[in-house]
């Protein structure tokens, strides 16, 4: 009798849960196919991504969507988004700068219609591996992340951003994030907040500054500026896609790069009402 009662209770509970669940589940965006994104091709074609992201599908795919399409990088041997857009005014009129839409169109209709999408799109956008000359004071890379402005780590995010803001790196000169933001001490204005140490979240002076270094690193990727030193966190962070973070620690872990351009680079960084933005400009 008790066993029957348990079974009946379980059935009723499941029915109630199903009946009460009225919130629709949002379908995930369908991933691109190998027609427009071939991981092996993308990895082998761009040595700067090999150094920055490694052989990791999620990191490379996220980079392709966030940066590569607009930079004119080819996602496969037969597809370059900017070439495809440039070849067909009818698609430009329909999709504008919705780069992913061009990928979906090629996969769904374009290839079957015999449309051409192969070619070098770097000439249309400026090469990330060997950037094309840009006008004076031209934005070459930018990235923004969100943070909570109402907790203590916001103090550290804002302070670190202010310390790299306006810095100019001359051609051939190297930049060190650790040196730029000064030691993480109370005397330098940093406060205690949560940070990752040995795969654990612990309180420490300067917690949150890695969001600034990570956002800078993402801007560097956008600009085609490779890091000479960069380290991932020991735990997954939520404010930036996997593979795009850059942790720092004392004098042992740093984010560094060398200005490979013929012009000086200026860093502009701001933390305002929960949005951290880091941009790179050629001067």
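No value in this document is a laboratory result; all are computed from the given coordinates. Note that this is a predicted model, so its numbers are computed, not measured. Quick reminder, even Gly has a Cβ in these numbers, built from the backbone with ideal geometry, and neighbours come from all protein chains shown.
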Sorted on mean Cβ neighbours within 10 Å (highest first), peptides 223-234, 59-70, 88-99 come out as 59-70, 223-234, 88-99
If each residue of separation counts as 0.36 nm, what is the full-extension length gain between residue 120 and residue 66 once their alpha-carbon separation is subtracted?
17.6 nm
Provide 111, 200 in ascending order of the number of other Cβ atoms located within 10 Å of each residue's Cβ, fewest first.
200, 111
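Neighbouring Cβ atoms within 10 Å as the yardstick, rank 210, 103 fewest first. Could the numbers behind the result be given before it?
Details: 210 29, 103 25.
With the fewest neighbours first, 210, 103 line up as 103, 210.
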Answer rounded, prolate or oblate for the stretch 39-125, using the Cα gyration tensor with square roots of eigenvalues a ≥ b ≥ c: rounded when a/c is under 1.5, else prolate when a/b is larger than b/c, else oblate.
prolate
